[in-house]
Structure formats: C-alpha cells, structure tokens
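A short worksheet on the structure shown next.
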Amino acid sequence: MNLFFAQTAIKQDSVFAKKIKIFNTNYKEFEVIENIVYAVTNSNYLIVFDLKQDKIIKVEREVISVAKNNKQEIVFLNRHNQIIRYKNGKVKQINIVCEPYKLMLDRKNNPIVISDKGLIYDNKIFEPLNVKYKSVFYGVKSIDDKKRVFMNPDLIFLDSKNRLWLTYDRGEFGEDILFFDLEKREFYKDDYLSIDIDYQKTNENQDIYFQDLYKTFPDKIKVMEKDTLYKFPNQLPIYNPIRGIVEKDGNFFISQSLIHFFINSYFYLICDFDNEDFYKSLDLTNSLLEVQDPKGFAMVNEFLGPLHLNKFNNSVYYYSDKGFFKIIEDEGKYNKEFIFKPWITWSATNRNNLGADINVTKFEFISENELVFLTTNNGIGYYNGTEVKYFQ
C-alpha cells in the first residue's frame, strides 16, 4: 500500500508542529520499531506507517491489540483470538472462547491475553478467585448486556520479577491493583496494614500506633536504623489512579493523578529492595512537580501522565499537563529538565474524573532525543528533537 498522509501546519506547540492526516481517527495503542509505527485505532484497524516518510505501509482489519517481543518483532491479536506474527503471518490460535482486551508478551515472548474471562496464559485461564474482595475486579459487560465479566485494566505493567501489575482507576475512590505472578501462576493483591484503634481518642499517639502495628505484622515490617521497610506489595503509597509505572535498576517510579474538583498528584519511588523483597519509598512530589502553597497549605498544580525509561540514556521521563520532562538524579536528589509541551486537546471528563482526563497515555523513545507519543484526541505524535508531527 502506497498511501501518503495529507499535511497541515499548526503552530501551537512549544515547538513547531504539523498535522499529517488521512484516516481522521484516533488510536488506542501502538508499538514502534525504528521509524515504523504499528498503531491500533479505536475502531480496531492496525495502521502501519513510516514516521520519516509520512507513508502508510499496511492496513489490517479486526485487530484488537499489538505487542513487540524482545527480538524487536511485532505480533498482533485479532478479534478471532488469533495471535499473528506480522513478519511471516504465523498464527497461534487461542482455544478459549473469550472477548480479548489486550495482548502482552512475557520475557520469553509467550503471549499473555487479558480478556473478559480473566487472564489467559499458556492456553489456560486464570481468575482472581482467591483474592479478597475479588468482586471489585468484575462488572457488567454493558448497559444492554448484564453478563458478569472480568474488567479491562486501565494500565498493565510487567516487571523484571515476572509480576504483572493490573491497575484500575476508581476516580475519587482511588486505585485497585491486582498482581499476577507468572511463575507461580496466581493472583494476589496489595494490602494496607492497619489495626483497630479507638477513634474517640483524638490525640492518638502515632509512635504508639506504629509500635502496635509492628507487633501485629512483624513479618511484613522491618525497622532499620534510618528507614522503615515494608514487604512488597504491602503499604504501597498509592492514593490516586496510577498513570505510569517504570522500572529502573530494580526500583519503581510511579505517577498517580486525579482531577476531582482540583488536582491530586503524587510521584513516588519504590526502591532499595532487599533479598526478601522489603522496600522503602521516597516521595518525589515536591522535588519534581509544580506545587502551590496558598496560606501554608501545599497544593500540587500538575496533572501527571505516563512514564518511560529512555534506553538510549538510561533516564526516566514523564509527561504532565506542563509537558514532557526528563528526571535528573544527582547524589540522591531529584530534579527535572523540560523537553517540550504539546498543545493538544483535552477530553472534558471521563467516567471517574470531575475535570479533564490525561491526554497522553503512552510515549516511547526511538533515539536519545526522538519520541513517539499516543494522545487521546490528536492521534500519534512524533517529536524529532526540534519539531512535532501528528499522525491522525
């Protein structure tokens, strides 16, 4: 196929930008290898195009999800539950009747499918039946179809210890996280450690409370000389919907944000894991984000989005409504460097927010200074280090 996008210049970004348009559509996910983007539209078309030549290479119908393996090869999942290698057309059939949501690959390139029946791995289906309050991960399929289904996660992340994080945006009610251990083939959930106290004692001593908590959970808390460590995934500092997770050197950067009348944002580093999987956490919110301090009450004024580890310089980057930033670490202190700000449109609301939803949901570097980013309303953006092109 030898189609070219039509071009329109726009000058709204903090750098020069132009729109390149042919399908007038938006995308729900993408993978990129060098200059070639493999993007799935909201209407389930796989569009393959060249970033540099502004040319469409191929279009595939009825594609649900796309993934990239560790050999830099593309595979995609279609509505017939077939996993297909893009390069040679080799097909692997999923022999489970389900409605697929998302395709991922483990570190050995084996497929993981998230579906309405649960998680499909090694042609077996797994559900969180052993998880306390498991019902929160199920819901009705639609207004018209009341069938009970496993809910599609808002964000999925596979870490280096073969733990799959499935996160669910609950809006003002926070976040639910479901973990799946690929080696043990089982689900489990994070836990917040607490004990009953007499709330009539308004001046409850926090030191006494912690000592009682420590006595209750000695297998999940370690008190060190300078730090308190918790057994993963207990006591994770997650208070708002997770917008991004990235792992660097075994440590996790986590961005979380919500607009509900005003902005709630937190930026945490989960780090220094020991050989028993105990960790400590660092709050990077005040170090990295724009914070206002009206009359002594600090308020974050930055709505966070996704994160990415740039493999070309081993640095973590994040997106917010203020733009793209590089995180600078120097002797345990954290700062940020502004890259550019795209002036793209925002959705007025979503099912959980009273306010705008984040308008960039993923980005990835194809060189040290070139990045490709997925927007909710303006297609796929490509920043070459000096200017931006939007493919829509």
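The values are calculated or read from the model by the stated rules, or taken from the named source; none is laboratory data. None of the values given here were measured: they were computed from a predicted structure. Backbone-built Cβ (ideal geometry, glycine too); neighbour counts: all protein chains shown. The protein model used for the area step is the full one, side chains on, heavy atoms only, and it has no ligands, DNA or RNA in it. Shrake-Rupley method; radii C 1.70, N 1.55, O 1.52, S 1.80 Å.
Things to note:
- Options VAL59, VAL37, VAL66: the member that is surrounded by 13 or more Cβ atoms within 10 Å (Cβ to Cβ), under 20 Å from the mean Cα position of the chain (by Cα), in a strand (DSSP E or B) and touching a residue at least 40 places away in the same chain (Cβ under 8 Å): VAL37
- Every listed requirement among (1) in a loop (DSSP other than H, G, I, E, B); (2) crowded, with 19+ Cβ neighbours inside 10 Å is met by VAL32 save one, (1).
- Count of the range 245-265 residues, restricted to those that are closer than 16 Å to ASN286 by Cα, open to solvent by less than 30 Å² (accessible area, probe 1.4 Å) and not hydroxyl-bearing (Ser, Thr, Tyr), is 3.
- Residue within the range 148-162 that is assigned to a loop (DSSP other than H, G, I, E, B), open to solvent by less than 30 Å² (accessible area, probe 1.4 Å), under 24 Å from TYR230 (Cα atoms) and among the aliphatic types (A, V, I, L, M) present: no
- Within the range 322-347, restricting attention to residues that are in a loop (DSSP other than H, G, I, E, B) and out of contact with any Ser or Thr (no Cβ under 9 Å at 6 or more places or on another chain), the residue that is nearest to GLY381 (Cα to Cα) is LYS322.
- Selection from the range 228-244 of residues that are outside any loop (DSSP other than H, G, I, E, B), aliphatic (A, V, I, L, M) and either open to solvent by 20 Å² or more (accessible area, probe 1.4 Å) or farther than 18 Å from GLU302 by Cβ (or both): LEU229
- In the range 74-110, the residues that are in a loop (DSSP other than H, G, I, E, B), in contact (Cβ under 8 Å) with a residue 40 or more places away in the chain and in contact with a strand residue (DSSP E or B) (Cβ under 7 Å, 6 or more places away or on another chain): TYR86, GLU99, ASP106
- Test result for TYR239, farther than 24 Å from GLU364 by Cα and of a type in the set (Phe, Trp, Tyr): yes
- The single residue among LYS52, LYS117 that is under 21 Å from THR375 (Cα atoms) and open to solvent by 40 Å² or more (accessible area, probe 1.4 Å) turns out to be LYS52.
- Considering residues of the range 167-194 that are of a type in the set (A, V, I, L, M) and modelled with pLDDT of 95 or more only, the residue farthest from ASN110 (Cα to Cα): LEU178
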